[in-house]
Amino acid sequence: MQLGLDFSLVEALVAGVDEVGRGPLCGPVVTAAVILDPARPIQGLNDSKKLSEARRERLFDEIREKALAWCIARAEVEEIDRLNILHATMLAMQRAVEGLAVTPKLALIDGNRCPRLAVPAAPVVKGDSQVPAIAAASILAKVSRDREMCELDRLYPGYGLAGHKGYPTPTHLAALQALGVTPIHRRSFAPVRRLLEAAQAATFSI
C-alpha cells in the first residue's frame, strides 16, 4: 500500500505504527502506535531518522500532548531471543495497538508486514516518511528507546551504548570482545552468539 503524506487519514481514526531497534545487538525492540487529532495538527512530522535529536525531543512531548491516543510498547531481549526479531517486533506492535485508549478504524504499519490485530491493518513501505501518524509513532519509539539506551550506558559502562544505541558499530563490537556479553545483549544475534560459542569452546578445551 503506497500513500502520499495524506492528512485526510488523520480524520478517520487511523493509527500509525512503527518500530525502532530491530538491528541492535542489545536492548528491547520498541514500538509505538499513534492516532493523531485532526483538530490539533503537529508541524514538522517526519521519519524520526531524518530529524535532529533536539527536534525529536520537542515533537515527542507535542505528540503525547496533542494525539487522540498513543501507546509505546516493547519486546524484551528474552522474547527476541525466543521468538526471533521479526516475531518479537510483530508482538511489540500488537501490544502498542492494543494499548491505545481509542480503538482505531485502521492501523497503518510501517514496512511490508502487519502483526495480527483485532482491527483492519495495512502495511506501508517507507510509511514513516509518508503517513503522518506513522511518522509520529517513529518519533515516540525512537526517543523512548534512545533514552533507555542512555540509561543502560550508565549501568553497563564501556560499551558506548549512549552513542551507538546498541547497533553493531566497530566500537560496540570491540567492547564486546574486550568486556564480554551482558544480560541485555541478544544472544541469538550472530556477533553475540559467536562470542558465547567461542567462550564455551575455550572452557571445554581447558
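General observations
Table: residues versus (1) buried (at least 17 other Cβ atoms within 10 Å of the Cβ); (2) aliphatic (A, V, I, L, M).
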site	(1), (2)
R56	yes, no
F60	yes, no
L86	no, yes
A107	yes, yes
V124	yes, yes
I134	yes, yes
L140	yes, yes
R145	yes, no
E151	no, no
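- First in the stretch 188-201 and in contact (Cβ under 8 Å) with a residue 60 or more places away in the chain and among the hydroxyl-bearing types (S, T, Y), second anywhere and open to solvent by 100 Å² or more (accessible area, probe 1.4 Å) and part of a helix (DSSP H, G or I), Cβ under 9 Å, 6 or more apart: S188/R82
- Options A54, A33, A96, A39; residue that is small (G, A, S) and over 19 Å from I139 (Cα atoms): A39
- Inclusion of R74 among residues that are part of a helix (DSSP H, G or I) and within 24 Å of K165 (Cα to Cα) is not warranted.
- K49 meets all of the listed conditions (1) over 23 Å from L161 (Cβ atoms); (2) modelled with pLDDT under 95 but one, namely (1).
- First in the stretch 119-148 and closer than 16 Å to L51 by Cα and among the basic types (K, R), second anywhere and modelled with pLDDT under 95 and part of a helix (DSSP H, G or I), Cβ under 8 Å, 6 or more apart: K142/S48; K142/K49
- For R113, the requirement of being touching a residue at least 12 places away in the same chain (Cβ under 8 Å) and part of a loop (DSSP other than H, G, I, E, B) is met.
- Residue within the stretch 12-29 that is modelled with pLDDT under 90 and either of a type in the set (G, A, S) or open to solvent by 10 Å² or more (accessible area, probe 1.4 Å) (or both) present: yes
- Within the stretch 73-84, if we keep just the residues that are touching a Pro at 6+ places or on another chain (Cβ under 7 Å) and open to solvent by less than 50 Å² (accessible area, probe 1.4 Å), the residue that is nearest to I63 (Cα to Cα) turns out to be A75.
- The set of residues in the stretch 34-59 being in a helix (DSSP H, G or I) and within 27 Å of R116 (Cα to Cα) consists of S48, K49.
- One residue stands out in the stretch 163-190 among those that are among the small types (G, A, S), part of a loop (DSSP other than H, G, I, E, B) and over 19 Å from E151 (Cβ atoms): the one that is least open to solvent (accessible area, probe 1.4 Å), namely G180.
The values are calculated or read from the model by the stated rules, or taken from the named source; none is laboratory data. All of these numbers come straight from a predicted model, not from anything done at the bench. FYI the Cβ positions are ideal-geometry reconstructions off the backbone, even for glycines, and counts take in every protein chain you see. Remember, those area values only see protein heavy atoms, side chains included, never the ligands or the DNA or RNA. Shrake-Rupley method; radii C 1.70, N 1.55, O 1.52, S 1.80 Å.
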